[in-house]
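Below is one structure, written out as structure tokens; comments come after it.
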Amino acid sequence: MRSNRHQQFLIPLLAVLLGMIAGSIVMLVSGYNPVAGFSSLIYGAFGDAYYIGETIRQTTPYILTGLAVAFAFRTGLFNIGVEGQLIVGWLAAVWVGVSFDLPKIIHLPLAILAAAAAGALWGLIPGVLKAYVKVHEVIITIMMNYIALHVTNAIIRSVLSDEGFKSEPIKQSASLQSEFLEAMTYHSTMHYGILIAIAAAFVMWFLLERTTKGFELRAVGFNQHASQYAGMNVRANIILAMVISGAFAGVAGAMEGLGTFGNISTKAGFTGLGFDGIAVALIGGNNAFGILLSALLFGALKVGALEMPSGAGVPTELVDIIIALIIFFVASSYMIRWLLSRGQKGAE
Amino acid sequence: MNVYDVLQTIIPTAIFFAAPLIFTALGGVFSERSGVVNIGLEGLMVIGAFTGIVFNLTFADQFGSLTPWLALVAAIVVGALFSLLHAVASVTFRADQVVSGVAINFLALGLSLFLVKKMYGKGQTDQIQVGFDKIDVPVLSDIPVIGPLLFSNAYVTSYIAIILAFVSWYIIYKTPFGLRLRAVGEHPMAADTMGIHVAQMRYIAVMISGALGGLGGAVYATIISRDFSHATISGHGFMALAAMIFGKWHPIGAMGAALFFGLAQSLSIVGQTIPFLKNVPTVYLLIAPYVLTILALAGFIGRAEAPKAAGTPYVKGKR
């Protein structure tokens, strides 16, 4: 029997492959050319410096939302509220970005910390309810998403603008935008956020794998009763896990607010970044370095998709179908494992 | 404006907005009572809305005034078939039911927009020409005071939704099928020992939720939005999920919660015309359903408890 470690890599890879194959079939059935479709997708993601810049820009929040979901998964929680935590993080970052005049060295970190704090607060509520009242965090975080959306829209209208639909642009001292990176990538919207995202991945790895607290968080996720018996504070660890997860999501919002857009507009619906984070985390095997790779994959898919209508006449939504199917295949990993074990028996 | 005028503005709108939520929330009750968590209600509504509108646009000339009814039937069928994916993943392949539900939501939106662009060459369908007519319920609408409030100038689908809630209650609590459904959701191993086919029950329950979710989406699209685009269903499935929980996984409770959430929605829209509500910021009404659901779950408004086995795949022979 081959090791589980081996399968940990194999299952996400197979899921991505199956997703691509299913995407090709969808293209074939609906009368498009899958080869043309995928080549324009790849061109649209990596074709020249501009596209690479855009792909990296899209990868940045994906890394952070992926980390947020994965951090919760690793501690036995399902944080489906990354979307809402991202929105309040975005709001907080822009709020700090427009309201203060400070030197960059203080202003920018302050804006990012504000975003992390807002996301953490949005994670604190489901954490407390889970720890003290044993309410499942999935439902609470879904509800918190909608509360975040409507409250943020109301604040944009009444506080950050005069009944308008978007805030002032943030002060230059809080911006992550970089003329250097933009010039290097033919004026893409790439910004310094990618460095923060990579640093965050390192932080998550270090926290979970190299610290006592991380061990405790994982232990509580794995078996609450054993952890309790070993003298760990189960409630405090559950709350802390949701708070950290929310903070990652909040920083993802700061990337959008301080880097990509430089402001915040009212939203009719969700950004999707938080929900895509679930896919990123699953494909990345809930592992910090795996997430860097899977975030790049999803960033490339999303940005490359924009080239598909002009390059091959394929609607961009094809990529959403592929992403959905990839999630299905990962979720049904029992099926893939079963197929793998059948294949091995056949080979013997 | 006196109180009666105010009620006459609010209540019909509330019933109008509640109908799609009632259908979908009832779907959620069936699925979760059988032990399968269904976060995919949103996606099922999307598929239903898409099917309802596309069927209506395509066949309006052939079927005339029957079209919207047949469109609802089509949405029921497509919704049930689409939910099979969730059933296969979460029952047979033992997938995490929340993850599978998330995938359903993604797939529904991606697939329906893909097809809309493929069929109409743009991201939004045209408006449908044949919808439902508003009716006055015979006899009942002549009752003074409540007749005009509850039984006049309303869509027949709203009454179907309310009647269906009672039918669902009867099915779930008064029939052998309902007893089995609840048994596999509470204690699948015990049910299995008594000879109930757990997987089969769960498949049926998930497909019922697909059918009702599809119906809810189609009713929403046919009556409220009258076309289909990416924003047609935006959160209504999750609001139905909230209604199901707020209604404590009970059909009548879910209906009550859906009516209440419909009221909140209608207040957030018509509230500006009502004197004593004019100064309440709409945001409070918009977030009310979600805040109340959280409070209900936290035990501030009676304890809401999920079926015991909800969310866990049943593996034969495993303790």
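The values are calculated or read from the model by the stated rules, or taken from the named source; none is laboratory data. Remember, predicted model here, so these are calculated numbers, not experimental data. We place every Cβ from the backbone using ideal geometry, glycine too, and count neighbours over all the protein chains shown. What goes into the accessible areas is simple: the full protein's heavy atoms, side chains included, and nothing from ligands, DNA or RNA. Shrake-Rupley method; radii C 1.70, N 1.55, O 1.52, S 1.80 Å.
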Would you please name the residue that is farthest from the chain's Cα centre (by Cα), looking only at residues in the range B:82-92 that are open to solvent by 10 Å² or more (accessible area, probe 1.4 Å) and more than 9 Å from every other protein chain (Cβ to nearest Cβ)? B:V91
Residue tally, condition away from chain A (no Cβ under 13 Å), among the aromatic types (F, W, Y) and either under 16 Å from B:F23 (Cβ atoms) or within 9 Å of the chain's Cα centre (by Cα) (or both), over the range B:198-251: 1
Limited to the range A:182-197, what total is found for residues that are small (G, A, S) and open to solvent by 50 Å² or more (accessible area, probe 1.4 Å)? 1
For the range A:217-322, which fully contained helices (runs of 4 or more DSSP H) count at least 2 residues that are in contact with a Gly (Cβ under 6 Å, 6 or more places away or on another chain) and open to solvent by 10 Å² or more (accessible area, probe 1.4 Å)? A:234-254
Which residues, taken from the range B:151-184, are over 20 Å from the mean Cα position of the chain (by Cα), closer than 30 Å to B:V315 by Cβ and open to solvent by less than 40 Å² (accessible area, probe 1.4 Å)? B:T175, B:A183, B:V184
For the range A:1-88, list the helices (runs of 4 or more DSSP H) that sit wholly inside it and hold at least 2 residues that are open to solvent by less than 10 Å² (accessible area, probe 1.4 Å) and closer than 14 Å to A:A279 by Cα; which are they? A:4-29, A:49-74
Determine the pairs where a residue that is on the phi > 0 side of the Ramachandran plot, located within the range B:142-166, has a partner that is buried (at least 17 other Cβ atoms within 10 Å of the Cβ) with Cβ atoms under 7 Å apart, the partner being 6 or more residues away or on another chain. B:N153/B:P12
Could we say that A:L91 is more than 27 Å from B:V102 (Cβ to Cβ), more than 10 Å from chain B (Cβ to nearest Cβ) and hydrophobic (A, V, I, L, M, F, W, C) here? no
Flagged in the range B:234-272 as under 16 Å from B:I47 (Cβ atoms) and open to solvent by 10 Å² or more (accessible area, probe 1.4 Å), in numbering order, are B:S234, B:H236, B:F238
Could we say that A:G127 is more than 10 Å from chain B (Cβ to nearest Cβ) and in contact with a Pro (Cβ under 7 Å, 6 or more places away or on another chain) here? no
Please determine whether any residue of the range B:136-150 is crowded, with 18+ Cβ neighbours inside 10 Å and in contact with a strand residue (DSSP E or B) (Cβ under 9 Å, 6 or more places away or on another chain). no
Identify the residue in the range B:93-122 that is without any contact (Cβ under 8 Å) to a residue 12 or more places away in the chain and of a type in the set (D, E, K, R) and, among all such residues, is farthest from the other protein chains (Cβ to nearest Cβ). B:K122
Identify all residues within the range A:138-191 that are closer than 30 Å to A:G47 by Cβ and either in contact with a Phe, Trp or Tyr (Cβ under 6 Å, 6 or more places away or on another chain) or facing another protein chain (nearest Cβ under 8 Å) (or both); write none if there are none. A:L176, A:S178, A:T185, A:Y186, A:S188
Of everything in the range B:53-72, what is of a type in the set (A, V, I, L, M) and under 17 Å from B:K134 (Cα atoms)? Give them in sequence order. B:L66, B:L72
Yes or no: A:V138 out of contact with any Ser or Thr (no Cβ under 7 Å at 6 or more places or on another chain), in a helix (DSSP H, G or I), hydrophobic (A, V, I, L, M, F, W, C) and surrounded by 19 or more Cβ atoms within 10 Å (Cβ to Cβ)? yes
How many residues of the range B:19-55 are closer than 25 Å to B:L66 by Cβ and crowded, with 24+ Cβ neighbours inside 10 Å? The answer is 17
